[in-house]
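*Asks:* Would you mind keeping the following structure in view while I ask a few things?
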Amino acid sequence: MSPTASNALPNALPIVQFHSRPETVDLSWGHPDPATLPVQEWTDACVGALRRYGGSALTYGYANGPAPLVEWLTERLGHTDGRAPDPSRIFVTAGASHALDLVASLLCRRGDTVLVDAPTYHLAFRVLADHGVTLVPTPADRDGIDPAATRDLVAHLRREGRRVPLLYLVPTFGNPTGWSLGETRRAELVTVAEQTGLVLVEDDTYRELAYDGTAPPSLYSAAEDGTVIRLGSFAKTVAPGLRLGWLTAAPPVIAALAGRGYIDSGGGVNHANALSMAEFARAGAYEHHLERVRDRYRRQRDALVSAVRQHLPEVTFDTPAGGWFLWLRLPAPVSATALLPYAEASEVSYLPGTHFFVTDRGDDRLRLSFSLFAPDLLEEGASRLARAVAHLTSSAVPDERRTHRP
Ligand SMILES: Cc1ncc(COP(=O)(O)O)c(C=O)c1O
């Protein structure tokens, strides 16, 4: 019943991050089903890249990323976003997480204050915290980040003598909400950033996973040079194991990244995979695979949305137009943290909303990922979750389970 991920070969060290629990519909993982990844097309792309580029595919790569991929990215972003960055504004990375770490190492000093959207991608907190910064939530309301209140907060923090170099957010099909920041808010936020010198770090990981029309233009495409650094990734569109992504930024940022010691020493990041990706795109496999995954994820989203509506009518949420997640609001007084052991006892799991805030908030929320399971299992997961809510509200979980799963 579970995806084909295997956490370990017999008697061997683990090979993947995902922990398979065959009996549980684990909706906590923002991962694709490994069985759906493009193994054959990627094999062809690797062979194609080696034939086309020979030893150049296996030697040290150009600092900013190899030309065939950078040129393709320029063209692609021209189609999928409001503005095509020219090649001097692109830097190839080992994924969006790596890009965020690079940006933080460039812009942050220990002791800085970094603003983060509330809620937002929880593992970005870890990446940023590695740089010794204090994370502060950006003021937000029902429509997302509040630009005027953000300007006031930045002014207030700076008056206190704190350095506030950047704000991290996922404004398009966000993790965990699936929401996108509206057009007016985007424009206002860019203006605030331009006025205050705050750099917006726009994590654009889900742009291509749009199920109802197209994604809104990025903040990057609407801003003056230097205001926004946008992070992109092939993890969701092609495969996370490739460890391949990019960032777009003003030329001085790109030059600073290209000039870092480890790039000088080791060359461009993930060079052979970058050339294989260029080949994957050239062969039409990127477009083809993307169409397939969009169809699959749209069906999975629809299945989970209707199952939650059917089994959990007291829960509220907005149907996401893209991405991988449903962000549920539980009926008061149900707490997502208190519900979790009941859910685990019912063989379903999720991430409590508290993960996605740097303050003590979010316990009335939970995130369900629909990326990993087929529609029938998503339906089963929602029905088990409903059982768990019923158990919690009637406190009907057996005592022995309560002791084992506090
Ligand atoms: C918003 C967001 N950013 C970044 C990542 C990680 O991206 P990558 O695998 O490219 O490092 C994820 C993965 O879940 C994500 O949801």
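*Asks:* Within the stretch 292-327, which residues are within 16 Å of Trp179 (Cα to Cα), under 18 Å from the mean Cα position of the chain (by Cα) and of a type in the set (A, V, I, L, M, F, W, C)?
*Replies:* Ala321, Trp324, Phe325, Leu326, Trp327
*Asks:* A further question on this structure: Which is basic (Lys, Arg) and modelled with pLDDT under 95, of Arg367, Arg405, Arg298?
*Replies:* Working: Arg367 fails: modelled with pLDDT under 95; Arg298 fails: modelled with pLDDT under 95.
Step by step, each of Arg367, Arg405, Arg298 is checked, and only Arg405 is basic (Lys, Arg) and modelled with pLDDT under 95.
*Asks:* Looking at the stretch 161-277, what helices (runs of 4 or more DSSP H) fall wholly within it and have at least 2 residues that are without any contact (Cβ under 8 Å) to a residue 40 or more places away in the chain? Quick ask: steps written out before the conclusion?
*Replies:* Working: elements: 183-196, 219-222, 251-258, 261-266.
Once the helices (runs of 4 or more DSSP H) in the stretch 161-277 are filtered for at least 2 residues that are without any contact (Cβ under 8 Å) to a residue 40 or more places away in the chain, what remains is 183-196, 251-258, 261-266.
*Asks:* Looking at this structure, is Tyr342 under 17 Å from Val25 (Cα atoms) and open to solvent by 10 Å² or more (accessible area, probe 1.4 Å)?
*Replies:* Details: under 17 Å from Val25 (Cα atoms): yes; open to solvent by 10 Å² or more (accessible area, probe 1.4 Å): yes.
So Tyr342 passes the test.
*Asks:* Report, by residue number, each residue of the stretch 1-47 that is within 19 Å of Thr237 (Cα to Cα), of a type in the set (A, V, I, L, M) and modelled with pLDDT under 90.
*Replies:* Once the filter is applied, which keeps residues that are within 19 Å of Thr237 (Cα to Cα), of a type in the set (A, V, I, L, M) and modelled with pLDDT under 90, the stretch 1-47 yields Ala5, Val16.
*Asks:* Continuing with the same structure: Being open to solvent by 40 Å² or more (accessible area, probe 1.4 Å), closer than 21 Å to Arg365 by Cβ, part of a helix (DSSP H, G or I) and among the basic types (Lys, Arg) is the filter here, so list the residues in the stretch 281-336 that pass it.
*Replies:* Of everything in the stretch 281-336, just one residue is open to solvent by 40 Å² or more (accessible area, probe 1.4 Å), closer than 21 Å to Arg365 by Cβ, part of a helix (DSSP H, G or I) and among the basic types (Lys, Arg), namely Arg309.
*Asks:* Which condition does Leu106 not pass, out of (1) assigned by TED's automatic domain parsing to the domain that holds Ala256; (2) more than 16 Å from the ligand (Cβ to nearest atom); (3) assigned to a loop (DSSP other than H, G, I, E, B), if it passes all the others?
*Replies:* (3)
*Asks:* Any residue that is touching a strand residue (DSSP E or B) at 6+ places or on another chain (Cβ under 7 Å) and away from the ligand (no atom under 15 Å from the Cβ) - is there at least one of those in the stretch 92-102?
*Replies:* no
*Asks:* Of the residues that sit in the stretch 128-154 and are open to solvent by 40 Å² or more (accessible area, probe 1.4 Å) and part of a helix (DSSP H, G or I), which one is farthest from Leu106 (Cα to Cα)?
*Replies:* Ala148
*Asks:* Let me ask another. Looking at (1) in contact with a Leu (Cβ under 8 Å, 6 or more places away or on another chain); (2) farther than 30 Å from Val39 by Cα, find the lone condition where Gln310 falls short.
*Replies:* In the conditions (1) in contact with a Leu (Cβ under 8 Å, 6 or more places away or on another chain); (2) farther than 30 Å from Val39 by Cα, Gln310 misses (1) alone.
*Asks:* Confirm whether Val116 is closer than 30 Å to Glu344 by Cβ and buried (at least 21 other Cβ atoms within 10 Å of the Cβ).
*Replies:* On the way: closer than 30 Å to Glu344 by Cβ: yes; buried (at least 21 other Cβ atoms within 10 Å of the Cβ): yes.
Here the answer is yes, as Val116 does meet what is asked.
*Asks:* Continuing with this model, one more query. Pick from Ala84, Ala124, Ala118: which is in contact (Cβ under 8 Å) with a residue 12 or more places away in the chain and either away from the ligand (no atom under 16 Å from the Cβ) or not in a helix (DSSP H, G or I) (or both)?
*Replies:* On the way: Ala84 fails: in contact (Cβ under 8 Å) with a residue 12 or more places away in the chain; Ala124 fails: either away from the ligand (no atom under 16 Å from the Cβ) or not in a helix (DSSP H, G or I) (or both).
Result of the check over Ala84, Ala124, Ala118: Ala118.
*Asks:* Would you check if there is a residue in the stretch 55-69 being closer than 25 Å to Glu208 by Cβ, of a type in the set (A, V, I, L, M) and open to solvent by 30 Å² or more (accessible area, probe 1.4 Å)?
*Replies:* Yes, some residue in the stretch 55-69 is closer than 25 Å to Glu208 by Cβ, of a type in the set (A, V, I, L, M) and open to solvent by 30 Å² or more (accessible area, probe 1.4 Å).
*Asks:* Continuing with the same structure: What about Pro217, is it touching a helix residue (DSSP H, G or I) at 6+ places or on another chain (Cβ under 9 Å), open to solvent by 40 Å² or more (accessible area, probe 1.4 Å) and within 26 Å of Trp72 (Cβ to Cβ)? Explain how you work it out, then say what you get.
*Replies:* Numbers: touching a helix residue (DSSP H, G or I) at 6+ places or on another chain (Cβ under 9 Å): yes; open to solvent by 40 Å² or more (accessible area, probe 1.4 Å): yes; within 26 Å of Trp72 (Cβ to Cβ): yes.
It is true that Pro217 is touching a helix residue (DSSP H, G or I) at 6+ places or on another chain (Cβ under 9 Å), open to solvent by 40 Å² or more (accessible area, probe 1.4 Å) and within 26 Å of Trp72 (Cβ to Cβ).
The values are calculated or read from the model by the stated rules, or taken from the named source; none is laboratory data. This structure is a prediction, so every number in the text was calculated from the model and none was measured. Every residue, glycine as well, gets a Cβ built from its backbone with ideal geometry; the counts of neighbours run over all protein chains shown. Calculation scope for accessible area: heavy atoms of the full protein, side chains included, ligands and nucleic acids excluded. Shrake-Rupley method; radii C 1.70, N 1.55, O 1.52, S 1.80 Å.
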